[in-house]
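This report refers to the structure that appears directly beneath it.
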Amino acid sequence: MLGVAALFIAFEEDGNVLYSSKIKLIKVTENRDRDRDKDSLMQQRETQIITLDKDHLEQPHEQETLAYAARLLRAGELVVFPTETVYGLGANALNPQAAEQIFLAKERPFSDPLIVHIADEQDLANLVAHVPETARKLAVAFWPGPLTMILPAGPQVPGLITSGLPNVAVRMPNHPIARALIRTAGVPVAAPSANRFMHVSPTTAQHVYDDLKGRIPLILDGGPCTVGVESTIIDLCAAIPTILRPGGISLEALRQVLPQVQPPQTHHKHSEDLDTARIAPDKCSFTIPLKCRLIYLRARLKQCARRYWASFNKGCSRESRSVSSWQMKISVRSMRAGRWYIALATHPNR
């Protein structure tokens, strides 16, 4: 880990600078070999699918399978499990090394926070600094169910889960396999949808297998998901409770419990400076936060600094001068197509 003043540059293959910005990174991972070999390492894993009968989890086969999956979670491994919304890619939410495997398997940017799943409401005490009354009311009405609440994070929640934000996203799934797995593991489970980043969310075990085969050790097959869309995310840390992502619980249903709930806010197309762009998990923009691990590195650092630092110091557009006032967004699809590269160069004076 390095604490550095840095220059962030996104450039095309022909060398034209697209965006550049001086940023202060608190922690930077400079493991280029791991990033370059990530795909080959992931493909070496054997993926097992085990079918569970959600209506007879007390049976010996189901109990043995749940115990096995729980051991994997406690050991820092990934386990895919069904929820009522979509299949989730689960890891021990209190283990940052385990959570990191989620980002690698999904090819998900570290700037995208994860939703933490719990089995019982009392599990909130291990995750949040305090539970506001609004959260208690919503939990009574909609938990277990497809509602995720943004709450003030407790000190035990790793920053990797929250992407360095002071809040954590929590929900209690309404699926017997999901809750039985979490109870058996004895840990909260971070679990975004079990698909590669920006792919379609899976509603069957076969969907997961087709997308993540070779990247995960275990898929628990509980049949098709009943809701089929992601959970609604509501921000309870805002001055007024606000929906950040529509989902399985409608605005009208939420307003029956909290009349002041606001619908998702529509921002101006140039309002990327608003932190709300990355408060909600599973947003489809690629952003570089002030505290992150850089996961795409495609240039030699010294070469990058020598080639671009002088021109950068001569000035750039106002929007590009400060990451704190402008969150750079980069097309993930273009990056995957090989058209864009990202480079990080340490400041020459550091």
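Readers should treat all values here as calculations from the given coordinates under stated rules, not as data from a laboratory. Bear in mind the structure is a predicted one, so any value in this text is a computation, not a measurement. Don't worry about glycine lacking a Cβ; one is built from the backbone with ideal geometry, like all the others, and counts go over all protein chains shown.
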Given H placed 1.01 Å from N in the peptide plane, which residues other than close sequence neighbours of Val168 have an amide H under 5 Å from its amide H? Leu151, Ala153
Would you pull out the residues with amide H under 5 Å of Asp235's amide H, same chain only if 5 or more places away, H placed 1.01 Å from N? Ile150, Thr242, Ile243, Leu244
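Just the number, please: percent antiparallel of the DSSP beta bridges in segment 39-257, rounded to the nearest 5.
Working: 16 of 29 bridges.
So the antiparallel bridges in segment 39-257 amount to around 55 percent.
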Return the distance in nm (one decimal) between the two label points of a simple spin-label model at Val200 and Ala253, each offset 7 Å from Cα along Cα→Cβ. 2.3 nm
Theoretical gain in end-to-end length, Gln63 to Ala238 [0.36 nm per residue, Cα-Cα removed]: 58.9 nm
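Assign unit charges at the C-beta atoms only (+1 for Lys and Arg, -1 for Asp and Glu), then state the dipole size of segment 39-257 relative to its Cα centre in Debye, rounded to the nearest 20.
360 debye
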Roughly how many nanometres apart are two label points built 7 Å out from the Cα toward the Cβ at Gln97 and Gln122? 3.1 nm
Sites Lys137 and Asp210 - FRET efficiency at Förster radius 41 Å, r taken between beta-carbons, to 0.05: 0.55
Could you give the length gained on full extension between Arg183 and Thr47, defined as 0.36 nm per residue of separation minus the Cα-Cα distance, in nm? 46.6 nm
Can you list residues from other chains, or at least 5 along the same chain, whose modelled amide H is less than 5 Å from the amide H of Ala119? none
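So what is the relative contact order for segment 39-257, in percent, with contacts set as C-alpha pairs under 8 Å and at least six apart?
On the way: 488 pairs, mean separation 71.0, N = 219.
Dividing the mean separation by the residue count of segment 39-257 yields 32 percent.
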